[in-house]
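Report on one structure; see the data block that follows.
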Amino acid sequence: MTTIFALLLAISSMLYGQGNVQILVNKTAPIGSPLVFAIESGEPFAQYFVDFSFFGTENGYQLSSGRTIPLSPPWVYYQVDGNSLPQVFTGFNGLTDYGGNAAAVFNIPSWPFLSGLPFDTLFFTLDPFSNDYVGVISAPKQVTIVNSSGLAGPKLIPGTGFQGATPQPGDVGTGQYSTLEAIARWDMVPRRIYRSKGHIGVIAFHYNQIDRIEFSAEGGQWVSVRETRKNPDSQTWEYTIAVDPADFTQGIATIRAVVYPKNGRPRVLADLEVVMDGAGTLTSGIVHVTKTGNDTTGDGSPTNPFATPFRALQELNTLGGAPHYASGGTVLLGAGQYEFMRPSYGAAAPLTPTTWVTISSEPNVTVQDVALIDPFGGNSFSGMSTKYLRLKDVTVKTPVTTKTPLEDYLWLDNVVLQGNGPSDSRVYFSLAWWNAIYATDSVAKDMVNAFREVDLARNCLVDTVHADAFPGVKMIVNCEIRNQVGGVDNNGNPYHSDLWQDRTNLTPTDVIVYGLKATSNVTQQGIFTRSTGEHSGIAIVNCDIKLTGYPNQNQWRTRSHHFILRNNSFRGVPFLVALSDPQPVYDGYWGSTAADWSKNVFYKLTVIDPEGSSGTTTPSPSDISSGTRIRNNHFVTGTVGGLGATSGQSITKTRGAFGSAPPPPEVF
């Protein structure tokens, strides 16, 4: 019988083929509605199982063969015995049809607290002839549960406009650190266009934890958000509020936020301006450019394109006219290399007073097939010289300049910054040229200077950059660093390189490093700061850093006021802390005050005292003065220090991937 069954399976596979092994499911799913999972296994009449998890994919289920089902336990359907809840779970196990397909349905309960929660889902089949009894395993897909309006989180309803500035609220509570101001930043690129429903996010921390963030749009009712949730737009766990452009008047809208700690000083964030365009009228259109186009006889249409990006921007300027001109327009480039420059100093610059103009690749062209270059080294006629410039889906091989002293802004969105190796020391962008720089979903490769001085780096990758990866960056969110060689002993690299380095003249207070990952072939220094100044308000949270090549190490050697180091992993090399370098002890441990180092993994924590007053030690409870907390940390080697510490080679994490899950109440 077994032989006949195997023969039938073989014949079916030959007839219908393996096809794509995948689970098809919507990226968002409203509460109180059915969510359908479409299964394509390529295995006819196979036993299948569908499940999902709210704990990510990193710590999957290990099979006896060494394979992994990439879904971190606990699995929801299995955990709650889904067979006993047919009103919630349908078709989560069964047999595929003759084409290897099946469907499952999750009827999402109408529970408001589910809104904003993401989960990962997959399916696998059973195979009695495989050595682990499992057949195909689909790649996981992520779904975000949203509210009934299709939004993740509460929604802002605008008013008629703010009447003056938002006043600074009084301090919350009393005590030694009730005057500490919340550490918070918008996780947003300003002047972003909303043509459909979307989300706005803030990342915030405090020594005494965050109580809530209150949002208001155009003077409308203030809406409180008390929990982090995954923002579907940024793919980041943060305090998220939803907006619908249908509720707003066309044009620029002002959003405000006040961050309230549980005990401390609230922070009133600077106004965030976004552009609401529910009617789709705030655009100057689309203009096409190809290598065979003509700037004189072309009209920018797909059949009669221009030859240069600058000529296309001028056309958008004409098409849009007053008051928005080229704002909201798009230049689409065909395959090839294009000069990022004006033809002459006298060429009229395009105007973008309202929002971003975008230079991008054609939809059927890959990022690698379109490149911006400058034969004169990046200083030719000051680039495009427009106020809001967004580069999207292109490769950049030249410094991106603008004409100073104009008020100009640069947004790198899914861009590949492609350098020429360790000798390529060009600065690709700088605050000397731009008022602010934003980088999202972008890559920097094979150059000396990567995302230098940007205001926001989110979901970015630094690969084989020979100096610092994120020097002077004010906000790093869910970024990754790979293949970095340099550090203290240089490893054949002429640069003394670090992952993130404080630059006293560039980095202000209120700095956030959130979800930074550096675990793949990183032979350089990690978090590094050593200056005669003083930090005030810095949070390094949910980072996973594994370095090799001692004496490379993480170093914190600057006096810091309100310094949070939570839920991080610093593996491979020591974390060096200076007790009184370069200043005498300020107030508390290592010359800092209101420092909270908790729930971290340290390979080894080494405290030095350059002035020789206490020698080289590691922290102990008696070393910790008022307001400085070292607690619930794990030390792989060396002296164990602080309250609630654990030690040894074995480390147990109770959450998913670093930077991809909300901070848990406890890690160890």
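Kindly indicate whether residue 185 is more than 17 Å from residue 154 (Cβ to Cβ), open to solvent by 20 Å² or more (accessible area, probe 1.4 Å), touching a residue at least 40 places away in the same chain (Cβ under 8 Å) and not small (Gly, Ala, Ser). Step through it out loud before you land on a result.
Working: more than 17 Å from residue 154 (Cβ to Cβ): yes; open to solvent by 20 Å² or more (accessible area, probe 1.4 Å): yes; touching a residue at least 40 places away in the same chain (Cβ under 8 Å): yes; not small (Gly, Ala, Ser): yes.
The answer is yes for residue 185.
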Using beta carbons and a limit of 7 Å, which pairs, at least six apart or on different chains, have the first residue in region 25-39 and surrounded by fewer than 18 Cβ atoms within 10 Å (Cβ to Cβ) and the second one polar (S, T, N, Q) and outside any loop (DSSP other than H, G, I, E, B)? 27/144; 28/144; 34/107
Residue satisfying all of: in region 86-97; farther than 11 Å from residue 50 by Cβ and in contact with a strand residue (DSSP E or B) (Cβ under 7 Å, 6 or more places away or on another chain); surrounded by the most Cβ atoms within 10 Å (Cβ to Cβ) among these: 96
Only listed residue being under 24 Å from the mean Cα position of the chain (by Cα), of a type in the set (Gly, Ala, Ser) and modelled with pLDDT under 95, chosen from 442, 382, 430: 430
What number of residues within region 195-240 satisfy the criterion of being among the β-branched types (Val, Ile, Thr), under 17 Å from the mean Cα position of the chain (by Cα) and open to solvent by less than 10 Å² (accessible area, probe 1.4 Å)? 5
Going through (1) over 19 Å from residue 229 (Cα atoms); (2) surrounded by fewer than 20 Cβ atoms within 10 Å (Cβ to Cβ) one by one, residue 147 fails only at (1)
Kindly indicate the residue of region 40-63 that is more than 14 Å from residue 103 (Cα to Cα) and of a type in the set (Ser, Thr, Tyr) and also least open to solvent (accessible area, probe 1.4 Å) among those meeting that condition. 53
(1) without any contact (Cβ under 8 Å) to a residue 24 or more places away in the chain; (2) more than 22 Å from residue 192 (Cα to Cα); (3) not hydrophobic (A, V, I, L, M, F, W, C): which one isn't true of residue 403, the others all being true? (1)
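Per-residue answers, yes or no, for (1) aromatic (Phe, Trp, Tyr); (2) at negative phi; (3) assigned to a strand (DSSP E or B); (4) in contact with a Lys or Arg (Cβ under 7 Å, 6 or more places away or on another chain):
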position: 157; (1), (2), (3), (4): no, yes, no, no
position: 164; (1), (2), (3), (4): no, no, no, no
position: 170; (1), (2), (3), (4): no, yes, no, no
position: 179; (1), (2), (3), (4): no, yes, no, yes
position: 196; (1), (2), (3), (4): no, yes, no, no
position: 203; (1), (2), (3), (4): no, yes, yes, yes
position: 237; (1), (2), (3), (4): yes, yes, yes, yes
Step by step: first the residues of region 390-411, then only those that are out of contact with any helix residue (DSSP H, G or I) (no Cβ under 8 Å at 6 or more places or on another chain) and of a type in the set (A, V, I, L, M), then the one that is surrounded by the fewest Cβ atoms within 10 Å (Cβ to Cβ). Which residue is that? 406
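Filter region 312-334 for residues that are open to solvent by 60 Å² or more (accessible area, probe 1.4 Å) and out of contact with any Pro (no Cβ under 8 Å at 6 or more places or on another chain) and give the result.
Narrowing region 312-334 to residues open to solvent by 60 Å² or more (accessible area, probe 1.4 Å): 318-319, 322-323, 325.
318, 319, 322, listed by residue number.
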Taking region 628-653 on its own, how many of its residues are at pLDDT 75 or above and of a type in the set (Ser, Thr, Tyr)? 3
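Quick check on residue 365: is it farther than 26 Å from residue 502 by Cβ and open to solvent by 10 Å² or more (accessible area, probe 1.4 Å)? Before the answer, list the steps.
Working: farther than 26 Å from residue 502 by Cβ: yes; open to solvent by 10 Å² or more (accessible area, probe 1.4 Å): yes.
Yes: the conditions hold for residue 365.
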Within region 412-464, can you find the residues that are within 17 Å of residue 367 (Cα to Cα), crowded, with 24+ Cβ neighbours inside 10 Å and out of contact with any Cys (no Cβ under 8 Å at 6 or more places or on another chain)? 412, 415, 417
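Say we look at region 387-407 and pick out the residues that are part of a loop (DSSP other than H, G, I, E, B) and within 18 Å of residue 452 (Cα to Cα); which of these is modelled with the highest pLDDT? Spell out how you get there, then give the answer.
We begin by selecting, within region 387-407, every residue part of a loop (DSSP other than H, G, I, E, B); these are 387, 393-394, 397-407.
Still in the running and within 18 Å of residue 452 (Cα to Cα): 397-402.
Values: 397: 92, 398: 88, 399: 87, 400: 87, 401: 83, 402: 83.
Checking each candidate, the answer is 397.
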So which of 493, 505, 521 ends up being farther than 15 Å from residue 479 by Cβ, modelled with pLDDT of 70 or more and surrounded by fewer than 21 Cβ atoms within 10 Å (Cβ to Cβ)? 521
First in region 64-85 and surrounded by 13 or more Cβ atoms within 10 Å (Cβ to Cβ), second anywhere and assigned to a loop (DSSP other than H, G, I, E, B) and of a type in the set (Asp, Glu), Cβ under 9 Å, 6 or more apart: 67/132; 70/58; 72/58
Quick check on region 545-554: of everything there that is open to solvent by less than 10 Å² (accessible area, probe 1.4 Å) and of a type outside the set (A, V, I, L, M), which residue is nearest to the chain's Cα centre (by Cα)? 554
Name the residue, out of 190, 128, that is touching a Leu at 6+ places or on another chain (Cβ under 9 Å) and not in a strand (DSSP E or B). 190
Please verify whether residue 148 is in contact (Cβ under 8 Å) with a residue 24 or more places away in the chain and not in a strand (DSSP E or B), treating the condition exactly as stated. yes
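The values are calculated or read from the model by the stated rules, or taken from the named source; none is laboratory data. Not measured: the values here are computed from a predicted model. Quick reminder, even Gly has a Cβ in these numbers, built from the backbone with ideal geometry, and neighbours come from all protein chains shown. Remember, those area values only see protein heavy atoms, side chains included, never the ligands or the DNA or RNA. Shrake-Rupley method; radii C 1.70, N 1.55, O 1.52, S 1.80 Å.
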